[in-house]
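A quick write-up on the structure given underneath.
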Amino acid sequence: RTTTLPINQYLNTLNSNHTWTLINPYSALPVELINLEAKPINNSYIKISWSTLIEINNQGFILQRSQDGQTWDSISFTPSNSITGNSTSQLDYFWNDYNVTPNITYYYRLKQIDLDGQFEFSDIVSARLNRNLEVIGIYPNPTQNYTQIWINSFSPGDLQIDLYNSLGQKVIDK
């Protein structure tokens, strides 16, 4: 069994049944973040993932989002994956942001909070969904001579629409 303690607590402990990891609480960073990533998934939501290699007295992470990189909103809290807030092995985290609009760049950062309330901010990462249009509905289906198509466009301007039949033949070009 491995136990992690600050040096001052270790010096007061005389238990020989443990393997000890010595940590100086005044020189070690509370959390060593080894990656932070934001990426669009199936062009429908953004997955934010991060990993830590070391956690010392880590309460957890507040995920913050911005559309301008200046003004930040807290959108979630993720507690440490370590029950005690201490770990010397890699811990992986993720959060899915479903509250996003296509063609807007979203910026993300983590606010890591210690058990004593102190905090640090991570670097900033960004992601965006790129969508030009989506077909809302086609009526009737199947169709023969008359068809209604509802399209939601996320870009200003005119659209070029090509419609093909089930044989792959172009039947409309507008």
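The values are calculated or read from the model by the stated rules, or taken from the named source; none is laboratory data. Bear in mind that the values here come from a model prediction, so they are computed numbers and not experimental data. Cβ placement follows ideal geometry from the backbone for every residue including glycine, while neighbour counts extend to all protein chains displayed. The area values use the complete protein model at the heavy-atom level, side chains included, leaving out ligands, DNA and RNA. Shrake-Rupley method; radii C 1.70, N 1.55, O 1.52, S 1.80 Å.
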Inset, instruction - Name the residues whose placed amide hydrogens come within less than 5 Å of the amide hydrogen of G60, ignoring near sequence neighbours (fewer than 5 apart) on the same chain. - result: S80, I113
Inset, instruction - Would you mind counting up the charge near F121? Only other residues with Cβ under 9 Å from its Cβ, with Lys and Arg at +1 and Asp and Glu at -1. - result: 0
Inset, instruction - Please go through segment 104-164 and write out the chymotrypsin sites (Phe, Trp or Tyr not before Pro) that DSSP classes as loop and that have at most 12 other C-beta atoms within 10 Å. - result: Y146
Inset, instruction - Give the distance, in whole Å, between the Cα centre of segment 97-174 and the Cα centre of segment 44-70. - result: 24 Å
Legend entry - Set of lysines near K174 by C-alpha distance (under 16 Å), chain-local residues within fewer than 8 positions excluded: none
Inset, instruction - Using a 1.4 Å probe and ignoring any ligands, DNA or RNA, find the accessible area of L91 and quote it in Å² to the nearest 10. - result: 30 Å²
Legend entry - Sequence of K39, K111, K174 when ordered by accessible area, the most exposed leading, probe 1.4 angstrom: K174, K39, K111
Legend entry - List I46, I34, ordered by accessible area with a 1.4 Å probe, largest first: I34, I46
Inset, instruction - Please find the FRET efficiency linking I34 to Y164, where r is the Cβ-Cβ separation and R0 is fixed at 45 Å, and quote it to the nearest 0.05. - result: 0.40
Legend entry - Per residue value of the accessible surface for segment 40-174 (all protein chains in place, 1.4 Å probe), Å²: 65 Å²
